[in-house]
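Taking it in order: structure first as structure tokens, then the write-up.
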Amino acid sequence: STLSRRAKSLELPAQPHATGGPIHLLVDSSGLKLSGPGEWLVEKHGTSKRRSWRKLHIGFDALTNRIVASILTSHDVDDASQVEPLLDRIAEPVKVFVGDGGYDRTGVYTALDKRHP
């Protein structure tokens, strides 16, 4: 799949789960700058323009390197608040959960315990 400079969205193909068993879920997020067709003019001529940012929250299985869930939100959304929606998109049981300090919250542990005791 190719992503052009003018892509409106990015479709990630579903990958088959190799083991069919529990996954080791690693989660993180990254900021994405959204730019329009005239963005290069703004940079070239120094005009001030507000840039749009989004946050991509992503979860992947460390055993298979397969992306198992993703969510695109506004830039100001808390990482930990997206764990439940990510878990809602995962059918397999989660054996191990790994995230940085932003995920060390009571709500994250509660969501994990509820779905994957």
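We did not get these values from a lab; they are worked out from the coordinates using the rules stated. None of these values were measured; they are calculated from a predicted model. Positions of Cβ are backbone-derived with ideal geometry, glycine not excepted, and every protein chain shown enters the neighbour counts.
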- Query: Which far-off residues, 5 or more places away or on another chain, put their amide H under 5 Å from the one on VAL68, with H placed in the peptide plane?
  - Reply: GLY59, PHE60, ASP61
- Message: Please compute the length gained on full extension between GLU84 and LYS33, using 0.36 nm multiplied by the number of residues separating them and subtracting their Cα-Cα distance.
- Response: 15.9 nm
- Message: Which order do the peptides 91-100, 23-32 come out in when sorted by mean C-beta neighbours inside 10 angstrom, highest first?
- Response: 23-32, 91-100
- Note on the structure: A correct Karplus calculation of ³J(HN,Hα) over region 107-117, with 6.51 cos²θ - 1.76 cosθ + 1.60, θ = phi - 60°, whole Hz and x for Gly and Pro, returns x, 5, 5, 5, 4, 5, 5, 5, 8, 9, x
- Task: Apply the Karplus parameterisation 6.51 cos²θ - 1.76 cosθ + 1.60, with θ equal to phi minus 60°, to every residue of region 53-68 and state each ³J(HN,Hα) to the nearest whole Hz, in sequence, with x for glycine and proline.
- Result: 10, 10, 10, 9, 9, 9, x, 9, 7, 5, 6, 10, 6, 8, 6, 10
- Item | Chain lengthening between ARG66 and ARG105 when straightened (0.36 nm per residue, less Cα-Cα) | 11.5 nm
